[in-house]
Amino acid sequence: MTKDNTCYITTPIYYVNDVPHIGHAYTTVAADVLTRYWRLRGREVFFLTGLDEHGQKVQQAAAKAGIDPQAHCDKLAPQFETLWKKLNVSNNAFIRTTDPEHKSIVQQYLNKLYDKKLIYKDSYTGWYCTFDERFWTEKDVESGLCPDCKRPVEKLSEHNYFFKMGQYQDRLIEHIKTHPDFIRPESRRNEVLGFLQNQKLGDLSISRPKSRLSWGIELPFDHDYVTYVWFDALVNYMSALEYLPREKPIGNRFWPANVHLVGKDILTTHAVYWSTMLMALNLSLPETIFAHGWWTVDGEKMSKSRGNVVDPNKMVDEFGADAFRYFLLREVPFGQDGDFSLTGMVTRINSDLANGLGNLLSRTLTLIERTQAGQIPAPGQIGPAERELEQATVSLLNEVLPRYLAQLEFNRALEAIWHVVQLANQYVDKTAPWTLAKNASDAETLRTVLYTMAETLRCLSLAAYPVIPNSAQSICSQLGISAEFTSPLLNDKIEWSGLKPGTLIHKGPSLFPRIESKPGARPVTESSVPSQPTAAPAPTLTDTPAPPTPPQITIDEFTKIQLKTAKVLSAERVPKSEKLIKLHVSLGAEQRQIVAGIGKKYEPDTLVGKTIVIVANLKPAKLMGIESQGMVLAAGDADVRGLLTIQEEVDPGTKVK
Ligand code: MSP
């Protein structure tokens, strides 16, 4: 097998100075999505993640905990491994830099470079930042503070071993220039290039005297020193290939890595230190180093001292692994910074997952259960509406998704998948299968519609599998098919009609239950988000006079008001209005435009697909110049508290009394 069919994907190895947070989960989930996608496309993927267990940060954390560094690492390592299992991360290997094999490979590399005279001993004086474990030059330091973490630096002079990094400067610039995909996104590539072109690249101190730091891999040629933690850590990408796979050695089949995923803060160490180390070792450079952005939390930097560190375990416990994975990759373009908030997450879950995909599955299965005795029907004659949905679905799988995922544009890939979800839901609204079910003469059309819905869902499960693997599996088993997602299902072009008529469906529990109460401004680190509506406070007896009773109306007067169910087809804000939303609703036989004052309470896209209740015979009126043909019913007084919705599958246009 050649490198053409293998794929090597890595995450950074995380410091074990604390428990995992959203930043760790972000990169690891992104790597898992790529891995699952390429496996579906038939590639043999090796996905590596692991832990960076040496260096000052870990030594300090262990000292603080009052235990030996190795015991400290052994205690924390399972927390990462458990989290990856919980998040459905399908890594092939988990490296720990305290593994004896890794240590010995680091020493072999050091010896190689030392023998080639690419490592030399020298004395060095500079400003040292203990927190960042690095020296700064005079011009970097301002007012005695580290330019990176703003902590005080101290002047230190010591003998160390240096790697002749500087001599690779021109070669590295050339490599970056001739390989546009080597550093991504492009803005980061330009930053690194700018830095390399505008200043002289120095040599890299790759040792630490044991007198200052003892927790590291001993230099093979000087027992008074340990290896600088970054030299040790970066080697993990090679050493893992040598000793972790069951079938060994596989290095020559997987190297160079296809993609090293890293956070923006550790791009230089990868793009410059690692690349020059590889050049010195005569090894090829990775194809791509992709630097993603950072998460802030409710608009603030995430930090322990602020107490706003997002715990991925809690997110999985409260929302489920798939919902959390979906949110991480849908919300923000990979490569840009993003903000995490519980409100944002709940909104996404409700609109895209519950109302979008979940609703499509549940209405499809309910209708098949009720009208086809639970069997996927054989489609009849197809028309333009079916053709349109079929084309959008097939092109999603064969063209759109491959294009976006090859570029690591996860958010656009998800947007494209959910565009098809929306098309499918609109198709259901337009074709109104519940109405077709009432007339025997529409039986064939009904079968065509239901087959189209089910087949779209089968294709959607393939498209969404890399991001929401559990749900994709559940869609398939509820449709009655066994999808082997570990086999290369996306290897060939996807053809429509994969679903066999006659297949017995197994309707299961709702894919993504709606989260009824929004957590509002509660901090994201609080332990629980209520998933049930909270009960109204008990009424209290007061001296306040009762409000005047509204005048009574007769039954005849009431029956003049025509209340009907309506399905929201689209919703958008009325420009320049905080409150007004323009809705297009279906009443079965007709469609209406209604302007409703619900914009402070709802985001337009959370309304699409909902069945609401309207006053259907209200005289049309204009609101901010836009005609409204009816009125939406909602609870509340001056402020809207909640819309009247219909829980069951009810045809749009049904009378409400
Ligand atoms: N041990 C080194 C990496 C060595 S790789 C050979 C390291 N570890 S780390 O645990 O401090 O950071 C790991 C990753 O978490 C980095 O990619 C970093 O960018 C990422 N993040 C830390 N905080 C983050 C956010 N708030 N948001 C997103 N990612 C963040 O560096």
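Key figures for this structure:
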quantity	calculated
Net charge contributed by nearby residues that have their C-beta within less than 14 Å of ASN470 (K/R +1, D/E -1)	+2
Probe 1.4 Å - accessible area at TRP418, Å² to nearest ten	30 Å²
Qualifying GluC sites (Glu not before Pro) for segment 213-248 [loop in DSSP, other Cβ within 10 Å: at most 16]	GLU247
List ILE626, ILE376, ordered by accessible area with a 1.4 Å probe, largest first	ILE626, ILE376
Inter-site label distance for SER441 and HIS179 at 7 Å from Cα along Cβ, in nm	6.8 nm
Percent carbon-and-sulfur accessible area, the chain, ignoring ligands, DNA and RNA, probe 1.4 Å	50 percent
Accessible-area value, LYS121, 1.4 Å probe, nucleic acids and ligands omitted, Å²	100 Å²
When each of LYS438/LYS655; LYS57/LYS86; LYS150/LYS177 is checked by Cα-Cα distance, pairs over 28 Å	LYS150/LYS177
Candidate residues GLU44, GLU174: accessible-area rank, largest first, probe 1.4 Å	GLU174, GLU44
Distant-in-sequence amide H partners of TYR15 (H built 1.01 Å from N, under 5 Å)	ASP52
Sequence-distant residues sharing a close amide H with SER205 (under 5 Å, placed H)	PHE163
Contour minus Cα-Cα distance for LEU156 and LYS121 (0.36 nm per residue)	11.0 nm
Degrees between helix 321-331 axis and first principal axis of the chain (Cα, 0 to 90, nearest 10)	80 degrees
Close Lys-Lys pairs in segment 225-339, where close means Cα under 22 Å and separation is 8 or more or interchain	4
On Cα atoms only, tilt of 443-464 relative to the major axis of the chain in degrees	20 degrees
Förster radius 25 Å - calculated FRET efficiency between ILE382 and GLU572 (Cβ-Cβ, nearest 0.05)	0.20
Solvent-accessible surface ranking, highest first, for LYS210, LYS600 at 1.4 angstrom	LYS600, LYS210
Å² of accessible area per residue within segment 6-292, as computed with a 1.4 Å probe and no ligands counted	40 Å²
Förster radius 56 Å - calculated FRET efficiency between ARG306 and LYS560 (Cβ-Cβ, nearest 0.05)	0.45
Table column - 3J(HN,Hα) (Hz), segment 596-611, Karplus curve with 6.51, -1.76, 1.60, x for Gly and Pro	10, x, 10, x, 6, 8, 10, 8, x, 6, 7, 8, 4, x, 7, 9
Cα-based helix-to-principal-axis angle, 384-395 vs the chain, degrees rounded to 10	10 degrees
Segment 349-425 and segment 469-514: distance between their alpha carbon centers, rounded to Å	12 Å
Residues with amide H under 5 Å from that of MET631, placed H, sequence gap 5 or more	VAL615, LEU618
With DNA, RNA and ligands ignored, accessible area of CYS149 (1.4 Å probe; Å², nearest 10)	30 Å²
Among 490-498, 153-161, the order from most to least packed when residues are scored by Cβ within 10 Å on average	153-161, 490-498
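The values are calculated or read from the model by the stated rules, or taken from the named source; none is laboratory data. Bear in mind that the values here come from a model prediction, so they are computed numbers and not experimental data. A quick note on method: Cβ atoms are made from the backbone with ideal geometry, for glycine too, and the neighbour counts reach across all protein chains shown. Note: accessible area is taken over every heavy atom of the protein model, side chains too, but ligands, DNA and RNA are not part of it. Shrake-Rupley method; radii C 1.70, N 1.55, O 1.52, S 1.80 Å.
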